[in-house]
Amino acid sequence: MSSTGQQQVDLVVRTIAQAAVDNEKYFGDLDAVVGDGDFGYSLARGFENVLAGWDDVDRTDIGTFLKKIGMVITARIGGTSGPIWGTAFMRAGMTAGATDTLTGEQVVAMLRAAVEGIKARGQAEVGDKTLLDVLVPVTDRLEAEIAAGSDAAQALAAMAATAQEAAEATADMVARRGRASYTGERSRGSVDAGAMGVAVILGRIDEAWQREGAS
Amino acid sequence: MSSTGQQQVDLVVRTIAQAAVDNEKYFGDLDAVVGDGDFGYSLARGFENVLAGWDDVDRTDIGTFLKKIGMVITARIGGTSGPIWGTAFMRAGMTAGATDTLTGEQVVAMLRAAVEGIKARGQAEVGDKTLLDVLVPVTDRLEAEIAAGSDAAQALAAMAATAQEAAEATADMVARRGRASYTGERSRGSVDAGAMGVAVILGRIDEAWQREGAS
Amino acid sequence: MKKFVNNPQQFVPEMLEGLALANPHSLRYVPEHNLVMRADSPSDDRVSIVQGSGSGHEPAHVMIVGKGMLDAACPGDVFAAPPMNYVYETAKLLASPKGVLLLVNNYTGDRMAFDMGKEMAESEGIKVEILTINDDVAVKDSTYTVGRRGVAGNFFVIKAVGAAAARGDELDEVIRVGKKVNDVTRTMGVALTACTPPAKGSPLFELGDDEIEMGVGIHGEPGRERKKMTNADAIVDELLDAVVTDLPYSSGDQVALMVNGLGGTPISELYILFRRAHQQLAERGITVTRSYVNEYCTSLDMAGASLTLVKLDEEIDALLDAPAEVPIRVF
Amino acid sequence: MKKFVNNPQQFVPEMLEGLALANPHSLRYVPEHNLVMRADSPSDDRVSIVQGSGSGHEPAHVMIVGKGMLDAACPGDVFAAPPMNYVYETAKLLASPKGVLLLVNNYTGDRMAFDMGKEMAESEGIKVEILTINDDVAVKDSTYTVGRRGVAGNFFVIKAVGAAAARGDELDEVIRVGKKVNDVTRTMGVALTACTPPAKGSPLFELGDDEIEMGVGIHGEPGRERKKMTNADAIVDELLDAVVTDLPYSSGDQVALMVNGLGGTPISELYILFRRAHQQLAERGITVTRSYVNEYCTSLDMAGASLTLVKLDEEIDALLDAPAEVPIRVF
Ligand SMILES: Nc1ncnc2c1ncn2[C@@H]1O[C@H](COP(=O)(O)OP(=O)(O)O)[C@@H](O)[C@H]1O
Ligand SMILES: Nc1ncnc2c1ncn2[C@@H]1O[C@H](COP(=O)(O)OP(=O)(O)O)[C@@H](O)[C@H]1O
Ligand SMILES: [Mg+2]
Ligand SMILES: [Mg+2]
Ligand SMILES: [Mg+2]
Ligand SMILES: [Mg+2]
């Protein structure tokens, strides 16, 4: 698997931000089912801020860049998503460190760090019906793809497919964390907003990569 | 025209009361168009009281009886209708006086007195789009029927027909009194609730009379 | 209809019973006459202030009975003036040697009931006067109609006469003060939705999803016109223009500004309206020195609001500033 | 959507701007951090009391900033906890040598933001503590969930800690008082209709014409179950039973009873609920000695209500009785 530079990191983060803005209504509707409907609004307002300050983000190295993005998110996004997503970006950045390129293995380590950060911040585990239920299988899948010798584009396509499946599988779970957990058994039957959000965003990254990632 | 006794007065007043109770919803809907929707409720609650105390009303003579009914109405009916309808009954009773029978001419005089009472109480005139726009033509019609030698049943049937026409004609008028007057030109196009109420009640009196009035 | 109601015919009595239970020391509830009064009224030293009107406008007026405001409220059923008997009994119960002032919003039914009740009370030697309130500019005054309606602005008249009565003013003086406030008070309202009277069980009128009723009455009476829904600022501008130009209020004036919710509009939105009104008044050189943002005179569950302006001078300002103690409170 | 709104994204800032314009002397509005604070806070002699939460619950909490209650409110967007930075900046602005107490309703997002904000403030030497409020009995507490939600009962915690801070109590003592009140406070709510968040523009959930959501959260979260609409008394009985049996409150207890409107329900209906609750408590031998009937903690324009009980002793009663002065007022 070839290595990834700042240009690709830019592509991925900008795609995440744009997907969050574009899906404001959809993500909000997902959260309205057993939550309070603000997931889309929160993400959109926060990532609008990321896009607005895009050119000025410190790009000394990939680690610094991701940490700065994490700080904007934490500062600007309210609700549960601000601390959760902010922590994820900051942990990923800390793990990347002062580097200009990332190997596949490094990306796996960054995702694992993000997952650990979210678990600590949210006191959540896999199976609690949160975005972790997509992030963890997606990271596992990336690891498997690397082991199988896939390139980045192949790995991303596989991850996007895994994410979609995993997000849909949250419909069978009972929420044990976050606002949805108050509804107990009634949370069963609908997908988790955060989990589906991650899957949708991964789909967009996959598309963007196939289009521009190799350049 | 034959004379009318307490039994017939009872029939007429009880029919009025029962019609008011039965038409609560209809009268309310009429008042909701440009008014505040409480005309049916007010009349129904007031005349329920009349029916509840029915057997105990002082029947020393027809005048006393009608005045007592007027007092119950005034005491119990709120809104504009309480004072208006109470006044009408009291004036009619005062005009009837201490008598056991009423001639057609006396009934005309009683209705004229009721009309004058309403005009004074409401500072209203014919043409202001109120119940006066039914009461006055109905009284005129009764006078004409008497002059033409009709009996009570014939007169009542004629009055009911006149009332219906007159009530429908209020749709073309602009309200100048009561709550509907605030809407000015917008009050045109719908019938006045009070006017239609009187027409409906007269229709019920007509029916009741044909059924039981002669007995 | 989804409302917290048991028997719609018991809507008003049950509400008053709840009010009495919540204020056991300060209020007295007289069920026979549908009456709520201060437990310590009447007083020989004070003109008694009574407000009558239909119900459905809560907190007006049963929830503003208390020190410095009303001695009694004499409510009718929902949207129906009280029957004359209630007025008469209220006047008797509140009779004070200094007199009873009956405040009446300008509606035909209310005026009739209070005129008749006053006559009956007077025939028993009770000193009673009536003050009519008519602050609604929505519908142009004309000789053909019964004059302007009384709406949320009556709060200011009540507050002022309540303060005047509390300091022991004579009836004439209390009336002078009340008239003075009424004369400088103007209001206009707008409905976003219709209200649902409990006994009717369905909305009083139909408003399309994109329609509003500009100049609506507090009983759901139609107003100036039905218009397309627009944003908060544009609605404020139209209300304010109607109100400001009516008195008119002009540059250099100091005013009280009230944004009154009609029952179904959350207070967050009322502050959005207040913001614009305050800004627009400043542009006209009119200074808001007293602010009122809450529900004062509602129309059941109607979503909507009204704007009221009161032109202030030192005398009115002091009366509005006087202390009061009423059931509608937060802590 | 028919609401008084301009740009939905400016809903909260415009509301806060209106609030500041209406209270020019007592409040300070800091737009950069979405913050409303007492103009005379912080004070060296007083623990600063801060409440944070999403917006959409007005008058909670921005409209109860004032003497004897909050020194500041730190709101997020509608239904969204404030971002951590707002919390941090608020703690800095309110820093007092006696400390800052952050009151947080028990929701994941709020707790995270306040934990992080607290850590950052502490790293700059500011004395900060957090007190979590969790009065909602609707959903059974279990190790699988994050614990009970904080809802309208937080008014009582705020009032008590506000009074304790006002008389100069130390931070530890203020926290003790707040915990004590939280421990004896229980609430449950019911929705008759869904609320409409301005940014969403449509109802947050669907409720049939004959359905109610029993145990609803103040963000429209589902509760215990969806039921058929019934009359006011039956609804009160169910809410009250859930609340009373939770602590439990028992015969001989003296309590404060709050009937809190959720935003779209008129106060007339709230008194109908209060009446029944008061009567039913009396049947259980529980005496209501303090009554609260109004909107305290709403869910935008949702029609519905919640019932809260607080078990009183002399200490709590005195704290609830202390004076206060806040923007949400009638005169
Ligand atoms: N404790 C938690 N740990 C991790 N993720 C969580 C937790 N609670 C909620 N989430 C995720 O956050 C999403 C909701 O985000 P958001 O709407 O911003 O939160 P809020 O409930 O504060 O409105 C959920 O769908 C879930 O994926
Ligand atoms: N000033 C008046 N004089 C005579 N009749 C009137 C007057 N005002 C209204 N009415 C009659 O009363 C009817 C409305 O009665 P009601 O609903 O009880 O009054 P309110 O407007 O007080 O709710 C009107 O339809 C009209 O026929
Ligand atoms: Mg959410
Ligand atoms: Mg009417
Ligand atoms: Mg009426
Ligand atoms: Mg939220």
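Throughout, read-outs are computed from the coordinates displayed, never taken from laboratory work. Because the structure is predicted, anything quoted here is derived from the model rather than measured. Cβ sites come from the backbone with ideal geometry, for glycine too, and all protein chains shown count toward neighbours.
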Q: Can you tell me which residue within the range B:75-105, out of those that are within 16 Å of ligand 5 (Cβ to nearest atom) and assigned to a helix (DSSP H, G or I), is nearest to B:LYS119 (Cα to Cα)?
A: B:ILE84
Q. Can you name the number of the only condition in (1) closer than 28 Å to C:ARG111 by Cβ; (2) without any contact (Cβ under 8 Å) to a residue 60 or more places away in the chain; (3) assigned to a helix (DSSP H, G or I) that B:GLY189 fails?
A. (3)
Q | Close pairs (7 angstrom Cβ cut-off, 6 or more residues apart or separate chains): at positive phi and touching a residue at least 12 places away in the same chain (Cβ under 8 Å) in the range D:63-82, away from ligand 3 (no atom under 11 Å from the Cβ) and assigned to a loop (DSSP other than H, G, I, E, B) anywhere | A | D:GLY66/D:SER26; D:GLY66/D:ALA324; D:GLY66/D:VAL326; D:GLY66/D:PRO327; D:GLY68/D:ALA322; D:GLY68/D:PRO323; D:GLY68/D:ALA324; D:PHE79/D:GLY56
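D:GLU295 - would you say it is acidic (Asp, Glu) and out of contact with any strand residue (DSSP E or B) (no Cβ under 6 Å at 6 or more places or on another chain)?
Working: acidic (Asp, Glu): yes; out of contact with any strand residue (DSSP E or B) (no Cβ under 6 Å at 6 or more places or on another chain): no.
Criteria not met by D:GLU295.
Condition check ((1) hydroxyl-bearing (Ser, Thr, Tyr); (2) within 14 Å of another protein chain (Cβ to nearest Cβ); (3) under 14 Å from B:GLY35 (Cα atoms)) across all residues:
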position: B:ALA166; (1), (2), (3): no, no, no
position: B:VAL174; (1), (2), (3): no, yes, yes
position: B:SER181; (1), (2), (3): yes, yes, yes
position: B:ARG186; (1), (2), (3): no, yes, yes
position: B:GLY189; (1), (2), (3): no, yes, yes
position: B:GLY194; (1), (2), (3): no, yes, yes
position: B:VAL200; (1), (2), (3): no, no, no
position: B:GLN210; (1), (2), (3): no, no, no
Q.
Regarding the range C:293-311, can at least one residue be identified that is farther than 19 Å from C:GLU213 by Cα, outside any loop (DSSP other than H, G, I, E, B) and within 11 Å of chain D (Cβ to nearest Cβ)?
A. yes
Q) Here are some conditions: (1) of a type in the set (Asp, Glu); (2) assigned to a helix (DSSP H, G or I); (3) at the interface with another protein chain (Cβ under 8 Å from one of its Cβ atoms). C:GLU221 meets all but one. Which one does it not meet? A) (2)
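Quick test for you: out of D:GLY189, D:GLY263, pick the one residue that is surrounded by 21 or more Cβ atoms within 10 Å (Cβ to Cβ), within 14 Å of chain C (Cβ to nearest Cβ) and more than 22 Å from C:THR193 (Cβ to Cβ).
On the way: D:GLY263 fails: more than 22 Å from C:THR193 (Cβ to Cβ).
Result: D:GLY189 is the single residue among D:GLY189, D:GLY263 that is surrounded by 21 or more Cβ atoms within 10 Å (Cβ to Cβ), within 14 Å of chain C (Cβ to nearest Cβ) and more than 22 Å from C:THR193 (Cβ to Cβ).
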Q | Residue pairs meeting the criteria (Cβ under 7 Å; at least 6 apart or on separate chains; first farther than 17 Å from A:ALA167 by Cβ, in the range A:119-134; second buried (at least 22 other Cβ atoms within 10 Å of the Cβ) and hydrophobic (A, V, I, L, M, F, W, C)) | A | A:LYS119/A:LEU132; A:ARG121/A:ILE84; A:ARG121/D:MET112; A:GLY122/A:ILE84
Q | Residue in the range B:140-148 that is part of a helix (DSSP H, G or I), buried (at least 22 other Cβ atoms within 10 Å of the Cβ) and within 16 Å of ligand 4 (Cβ to nearest atom) present | A | no
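Yes/no matrix, rows are residues, columns are (1) part of a loop (DSSP other than H, G, I, E, B); (2) facing chain C (nearest Cβ under 10 Å); (3) not small (Gly, Ala, Ser):
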| position | (1), (2), (3) |
| --- | --- |
| D:GLU32 | no, no, yes |
| D:MET37 | no, no, yes |
| D:PRO75 | no, no, yes |
| D:ALA80 | yes, no, no |
| D:TYR86 | no, no, yes |
| D:LYS92 | no, no, yes |
| D:PRO97 | yes, no, yes |
Q. Does D:LEU281 satisfy being within 21 Å of C:PRO266 (Cβ to Cβ) and in a helix (DSSP H, G or I)?
A. no
Q. Do we have B:GLU116 as within 12 Å of chain C (Cβ to nearest Cβ) and farther than 23 Å from C:HIS219 by Cβ here?
A. no
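Yes/no per residue for (1) crowded, with 20+ Cβ neighbours inside 10 Å; (2) among the small types (Gly, Ala, Ser):
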{"position": "A:TRP54", "(1), (2)": "no, no"}
{"position": "A:ASP61", "(1), (2)": "no, no"}
{"position": "A:GLY86", "(1), (2)": "yes, yes"}
{"position": "A:ALA92", "(1), (2)": "yes, yes"}
{"position": "A:THR99", "(1), (2)": "no, no"}
{"position": "A:LEU111", "(1), (2)": "yes, no"}
{"position": "A:GLU116", "(1), (2)": "no, no"}
(Q) Can you tell me which condition D:GLU173 does not meet? The list is (1) part of a helix (DSSP H, G or I); (2) in contact (Cβ under 8 Å) with a residue 40 or more places away in the chain, and all the others hold. (A) (2)
Q) D:LEU204 fails exactly one of the following numbered conditions: (1) touching a Cys at 6+ places or on another chain (Cβ under 9 Å); (2) away from every other protein chain (no Cβ under 14 Å). What is the number of that condition? A) (2)
Q: Would you mind stating whether C:GLY52 is away from ligand 3 (no atom under 16 Å from the Cβ), part of a strand (DSSP E or B), touching a strand residue (DSSP E or B) at 6+ places or on another chain (Cβ under 8 Å) and facing another protein chain (nearest Cβ under 8 Å)?
A: no
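If you take the residues of the range C:60-115 that are small (Gly, Ala, Ser) and within 18 Å of D:SER268 (Cα to Cα), which of them is nearest to ligand 5 (Cβ to nearest atom)?
Taking the range C:60-115 as the starting set, the residues that turn out to be small (Gly, Ala, Ser) are C:60, C:66, C:68, C:72-73, C:76, C:80-81, C:91, C:95-96, C:99, C:109, C:113.
Checking the rest, the ones that are also within 18 Å of D:SER268 (Cα to Cα) come to C:60, C:66, C:72-73, C:76, C:80-81.
Working: C:ALA60: 15, C:GLY66: 27, C:ALA72: 21, C:ALA73: 17, C:GLY76: 8, C:ALA80: 4, C:ALA81: 7 Å.
Selected residue: C:ALA80.
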Q.
Can you pull out every residue in the range A:15-49 that is farther than 18 Å from A:ASP192 by Cα, free of Cβ contacts under 8 Å to residues at least 60 places away in the same chain and not charged (D, E, K, R)?
A. A:ALA17, A:VAL21, A:GLY46, A:PHE47, A:ASN49
Q. What are the residue pairs meeting all of these: first residue in the range B:159-185, first residue free of Cβ contacts under 8 Å to residues at least 60 places away in the same chain, second residue in a helix (DSSP H, G or I) and basic (Lys, Arg), Cβ atoms under 8 Å, and 6 or more apart or on different chains?
A. B:MET159/B:ARG141; B:THR162/B:ARG141
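Among the residues of the range C:94-143 satisfying the criterion of being among the acidic types (Asp, Glu) and buried (at least 24 other Cβ atoms within 10 Å of the Cβ), which is farthest from ligand 1 (Cβ to nearest atom)? Full working, then the answer.
Restricting attention to the range C:94-143, the residues satisfying the condition of being among the acidic types (Asp, Glu) are C:110, C:115, C:119, C:122, C:124, C:129, C:135-136, C:141.
Keeping just the survivors that are buried (at least 24 other Cβ atoms within 10 Å of the Cβ) gives C:110, C:135-136.
Numbers: C:ASP110: 49, C:ASP135: 43, C:ASP136: 43 Å.
Looking at the filtered set, the residue picked out is C:ASP110.
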Q: Go through the range D:154-181 and count every residue that is surrounded by 24 or more Cβ atoms within 10 Å (Cβ to Cβ) and more than 14 Å from chain C (Cβ to nearest Cβ).
A: 4
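How many residues does the range D:288-308 hold that are of a type in the set (Asp, Glu) and farther than 14 Å from D:ALA191 by Cβ?
Initial filter on the range D:288-308 (of a type in the set (Asp, Glu)): D:295, D:301.
With farther than 14 Å from D:ALA191 by Cβ added as a condition, the list becomes D:295.
Result for the range D:288-308: 1.
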